[in-house]
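Engineer: One structure, pasted below without further comment.
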Amino acid sequence: DGGITQSPKYLFRKEGQNVTLSCEQNLNHDAMYWYRQDPGQGLRLIYYSQIVNDFQKGDIAEGYSVSREKKESFPLTVTSAQKNPTAFYLCASTQSAGWTEAFFGQGTRLTVV
Amino acid sequence: AQSVTQLGSHVSVSEGALVLLRCNYSSSVPPYLFWYVQYPNQGLQLLLKYTTGATLVKGINGFEAEFKKSETSFHLTKPSAHMSDAAEYFCAVSDRTSGTYKYIFGTGTRLKVLA
């Protein structure tokens, strides 16, 4: 079945550590997105990528980094520079045109301990 | 840049009552509009979308939404609420900036269904 897989589902990070969240899709979609979700704030865009080897900062990119070396993969690294990383992270993908809907993974809940 | 406003972060309805979740957008051009539903600790699932054509859009689980350009609104309705409708609902608009598309989401409305 086609879809988006995020791993792990739960992740714990010690302060000062970098962690990488995985996102893989087999939908052959061109565009991929990372969102952060906090209670009462909806989804905020971190980074997005329309094609391989290219990506753009979203509204809250500080403290995060991404890569897009393969069409199906868009990993997100939460660096130690991100001061408040505890949140629910969602990965999505779409065909590049804006009239198609975004397909979402099941999310990764990151907690700083 | 476009934006989306969802009025009411929490809405409660009785089982069998009408569900109305409000969404307004800001856009100077015809937008692409979406409604998603999220169950606890899960990703978002598409309920329905408006691109072009008929302004009344029907989605899954008995939901529908009407695009009203004059009011810049895209409110979500369901005639009769079911307990399984309890979830968080997000309105979204597709925004084209510098030749690329990104999706702008509202802050969400949590729907509670009372027995």
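The values are calculated or read from the model by the stated rules, or taken from the named source; none is laboratory data. For clarity, every value in this text was computed on a predicted model and none was experimentally measured. Reconstructed Cβ throughout: ideal geometry from the backbone, glycine too, with neighbour counts over all protein chains shown. Remember, those area values only see protein heavy atoms, side chains included, never the ligands or the DNA or RNA. Shrake-Rupley method; radii C 1.70, N 1.55, O 1.52, S 1.80 Å.
Engineer: Of all residues in the stretch B:69-114, which are within 14 Å of another protein chain (Cβ to nearest Cβ), among the hydroxyl-bearing types (Ser, Thr, Tyr), open to solvent by 50 Å² or more (accessible area, probe 1.4 Å) and more than 28 Å from residue A:50 (Cα to Cα)?
Structural biologist: none
Engineer: Kindly indicate which of A:80, A:49 is under 14 Å from the mean Cα position of the chain (by Cα) and on the phi < 0 side of the Ramachandran plot. Spell out the reasoning first.
Structural biologist: Numbers: A:80 fails: under 14 Å from the mean Cα position of the chain (by Cα).
So the residue among A:80, A:49 that is under 14 Å from the mean Cα position of the chain (by Cα) and on the phi < 0 side of the Ramachandran plot is A:49.
Engineer: While we're here: Would you be able to tell me the number of residues in the stretch B:21-54 that are open to solvent by 60 Å² or more (accessible area, probe 1.4 Å) and more than 12 Å from chain A (Cβ to nearest Cβ)?
Structural biologist: Number satisfying all stated conditions: 3.
Engineer: On the basis of being in a strand (DSSP E or B), under 22 Å from residue A:36 (Cβ atoms) and more than 9 Å from every other protein chain (Cβ to nearest Cβ), does residue B:66 make the cut?
Structural biologist: No, not satisfied.
Engineer: A further question follows. Pull out all pairs, ordered by first then second residue, where Cβ-Cβ is under 7 Å, the residues are six or more apart or on different chains, the first lies in the stretch A:55-73 and is on the phi > 0 side of the Ramachandran plot, and the second is part of a loop (DSSP other than H, G, I, E, B).
Structural biologist: Matching pairs, first to second residue: A:63/A:79; A:63/A:81; A:63/A:82; A:63/A:83.
Engineer: Among residues belonging to the stretch B:13-50 that are assigned to a loop (DSSP other than H, G, I, E, B) and among the charged types (D, E, K, R), point out the one that is farthest from the chain's Cα centre (by Cα).
Structural biologist: Checking each candidate, the answer is B:15.
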